[in-house]
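The values are calculated or read from the model by the stated rules, or taken from the named source; none is laboratory data. Remember, it's a predicted structure, so these values are computed and weren't measured experimentally. Glycine gets a Cβ as well: all are built from the backbone with ideal geometry, and neighbour counts include every protein chain shown.
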Amino acid sequence: MNPRVRFAVVGAGVIAAQHGHALHRLREEVELVAVVDPVRSRAEALAAERGGQAFSTLAEALVAVEVDVVVVCTPTGLHGDVVLEALAAGRHVVVEKPAEISTDRIDAMIEARDRAGTLVTVISQHRFDPSTEIVVDAVSSGGFGRLTSGIASIDWWRGQTYYDSGDWRGTWALDGGGALMNQGVHTVDLLVAAMGEPVEVFGWTGSLAHERIEVEDVAVGVVRFASGALGVLHGSTSVYPGLSARLQVHGDRGGAVIEDDRLVYFHATPRGEEAPETFMGGRASSSNQVQRFAGPDGALPGPVSSTPGRMSDAHEHQYRNVLAALRGEEELRVTLEENRRAVSVITGLYESVRTGRPVPLRRTATDATTR
């Protein structure tokens, strides 16, 4: 029996090259055996660089070679078809974010996964950043007290050439949305990971800085969480020339700020201690405890590698979680249900734009029984 886990990558575009890099780093434990793309030359190019055979369809690949895990890197609106095909064949799945363009399609994946009895994880590599783990642990341990508010802000720029570079970009059918669904989903996912179950959303969107796109290049919204805490959303690809992605989490005993995946502010009241009463607080008088989490080089907690065009170690950590889950040593940390919560916030905001009303967010049957 081959001791290495055998992977097939479906979709040989830009993001597939990054997955190929991650699998190469883990080559002692994994083997890339197939690359699939309807444009055969693209599959051949990635296979030549990272290994495996090139195929035009997943069905072809599953007949020709032994595959344990299928990695789905197609445009978002095509994720579901590939995931369902892989699950019907009894394979495990790693699918790029977001899992699909609607919660109904993700629900279909959940049902298919349960029938197959295999594992499905959604790429959300920033869940594995040290900065995220510190903040989520502080929430869980009560260091921030009662959560009161959170802010997810994605202040990016994408030029017109970005949207013109592929027919699927900026379309409802294949992109599923714009600045929030494509670029902002990671930060929305972290907001939900920290703040808990979202129950209602309201928002506005606009397409203000680009031509020939169906979707938004700016979105703003508010979210209500089951705890009563409130959240603010701002996602944009029209902030020229581009700023940062920022997550803020606040409570009555502390809070944190993560900017571009690095922890830049953190204050938590230690368990068993009272938060000192202050009449009015301000940044100048706040106790920023982030220094105690700094690494030996003085860097603030965040992805270990930030080399442009390369996988950060956070991606590798997520793949290691997949491998450990396959061995039965860990639970998957990013499930379809987890990703569905972030997608529900985004699609709920889009529905709010269409109706002009707040939209309640429906939970899955799995959520209702496990949370």
Discussion item. Looking at 221, 281, 272, 298 in this structure, which one is under 25 Å from the mean Cα position of the chain (by Cα) and either within 22 Å of residue 185 (Cα to Cα) or not in a strand (DSSP E or B) (or both)?
Written reply: 221
Discussion item. Cβ-Cβ under 7 Å, sequence separation 6+ or interchain: first residue in the range 61-90 and in contact (Cβ under 8 Å) with a residue 40 or more places away in the chain and farther than 15 Å from residue 118 by Cβ, partner part of a helix (DSSP H, G or I) and not polar (S, T, N, Q). Which pairs?
Written reply: 73/15; 73/16; 73/19; 74/82
Worksheet item: What's the number of the condition residue 178 fails, among (1) over 21 Å from the mean Cα position of the chain (by Cα); (2) modelled with pLDDT of 95 or more?
Response: (1)
Discussion item. Restricting to the range 140-176, name every residue that is under 30 Å from residue 269 (Cβ atoms), part of a helix (DSSP H, G or I) and either hydrophobic (A, V, I, L, M, F, W, C) or in contact (Cβ under 8 Å) with a residue 40 or more places away in the chain (or both).
Written reply: 141
Worksheet item: Scanning the range 180-215 for residues that are out of contact with any Lys or Arg (no Cβ under 7 Å at 6 or more places or on another chain) and small (Gly, Ala, Ser), which turns out surrounded by the most Cβ atoms within 10 Å (Cβ to Cβ)?
Response: 184
